[in-house]
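> Supplied in structure tokens, the structure appears directly below.
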Amino acid sequence: RTFTLLAPRDGTVIARQAINGMYVEPSTELFVVSDLSRVWALIDLYEADLAVVAPGLEAVLEIEGVPTPRTAPVAFLPPVIDEGTRTLKARFVLDNRDGALRPGAFVRATLDAPLGIRLALPQDAVIRTGTRNVVFVVRGAHVEPREVTLGAQAGGWIEVLGGVAEGEGVATQALFLLDSESRLKATSGGGGHAGHGG
């Protein structure tokens, strides 16, 4: 009436489908047994970040419920971008022989990528309209809204690929006031004015 069914490997039961008295077939999944001594952390990378991330790049991983961050290199970058999220899932392999890491936990990653010297602006200097990215270039007492092309962003800064040149002044505060005033001036054909502090 009974017999012993051995699992093909050691591990931890993370799912149990077997119920006493149930009918089973060869395709029936009774248990899911996983080796949790090593686990993967999957991190979503945005398309703009892919140019500076490569396998082997070190990251600091902050894992929910684990007090000490872990450091690990990027182990694998899949060749296909998720069309729904426009992200790529970078894989990190973590040692878990102490059992401190639990599958399903939330992970935040910080990658220190060598970007070299690039033209960049503070992120709060850019107004994102959904279809355009606009900054306000300050020239004396006047401001000029200008569309810019953006690149990678990190540490509160965002790379500018086009639209402004090195040495031009860009407003980083009072953007709502400048944006509102420039819209009003645009309707009357005039230019924006920075008299309210830009």
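The values are calculated or read from the model by the stated rules, or taken from the named source; none is laboratory data. Everything quoted here is computed from the prediction, not taken from an experiment. With ideal geometry, Cβ positions are generated from the backbone for all residues, glycine too; neighbour counts draw on all protein chains shown. Remember, those area values only see protein heavy atoms, side chains included, never the ligands or the DNA or RNA. Shrake-Rupley method; radii C 1.70, N 1.55, O 1.52, S 1.80 Å.
> Tally the residues that are under 27 Å from E166 (Cα atoms) and touching a residue at least 40 places away in the same chain (Cβ under 8 Å), restricting the search to the range 96-124.
11
> Another question about this same structure. Checking V93 against (1) of a type outside the set (F, W, Y); (2) modelled with pLDDT under 95; (3) at negative phi, which test does it fail?
Failing condition for V93: (2).
> Whether any residue in the range 87-98 is more than 30 Å from V13 (Cβ to Cβ), loosely packed, with under 14 Cβ neighbours inside 10 Å and hydroxyl-bearing (S, T, Y) is what I want to check.
no
> Of all the residues that make up the range 9-37, how many are within 27 Å of D95 (Cα to Cα) and open to solvent by 90 Å² or more (accessible area, probe 1.4 Å)?
Qualifying residue count, the range 9-37: 5.
> Which of the numbered conditions does V60 fail, given that it passes all the others? Conditions: (1) surrounded by fewer than 10 Cβ atoms within 10 Å (Cβ to Cβ); (2) in contact with a Pro (Cβ under 7 Å, 6 or more places away or on another chain); (3) on the phi < 0 side of the Ramachandran plot; (4) not charged (D, E, K, R).
(1)
> Among the residues of the range 103-124 satisfying the criterion of being modelled with pLDDT of 90 or more and open to solvent by 100 Å² or more (accessible area, probe 1.4 Å), which is nearest to the chain's Cα centre (by Cα)?
R108
> Check whether at least one residue in the range 42-57 is closer than 29 Å to L161 by Cα and in contact with a Pro (Cβ under 6 Å, 6 or more places away or on another chain), and report yes or no.
Checked the range 42-57: at least one residue is closer than 29 Å to L161 by Cα and in contact with a Pro (Cβ under 6 Å, 6 or more places away or on another chain).
> Any idea which of (1) in contact (Cβ under 8 Å) with a residue 12 or more places away in the chain; (2) touching a Ser or Thr at 6+ places or on another chain (Cβ under 9 Å); (3) surrounded by 13 or more Cβ atoms within 10 Å (Cβ to Cβ) is the one P69 doesn't satisfy?
All conditions pass for P69, except number (1).
> Among the numbered conditions (1) assigned to a loop (DSSP other than H, G, I, E, B); (2) over 30 Å from G169 (Cβ atoms); (3) among the hydrophobic types (A, V, I, L, M, F, W, C), tell me where I43 comes up short.
(1)
> What tally of residues in the range 33-63 results from selecting those that are more than 20 Å from P79 (Cα to Cα) and touching a Gly at 6+ places or on another chain (Cβ under 9 Å)?
5
> Also, quick follow-up: Just need a number here: residues in the range 125-142 that are surrounded by 15 or more Cβ atoms within 10 Å (Cβ to Cβ), within 21 Å of the chain's Cα centre (by Cα) and at pLDDT 85 or above.
Within the range 125-142, residues that are surrounded by 15 or more Cβ atoms within 10 Å (Cβ to Cβ), within 21 Å of the chain's Cα centre (by Cα) and at pLDDT 85 or above number 3.
> Let me ask something else about it. Any residue at all in the range 47-54 that's out of contact with any Cys (no Cβ under 8 Å at 6 or more places or on another chain), open to solvent by 60 Å² or more (accessible area, probe 1.4 Å) and either part of a loop (DSSP other than H, G, I, E, B) or under 24 Å from G99 (Cβ atoms) (or both)?
no
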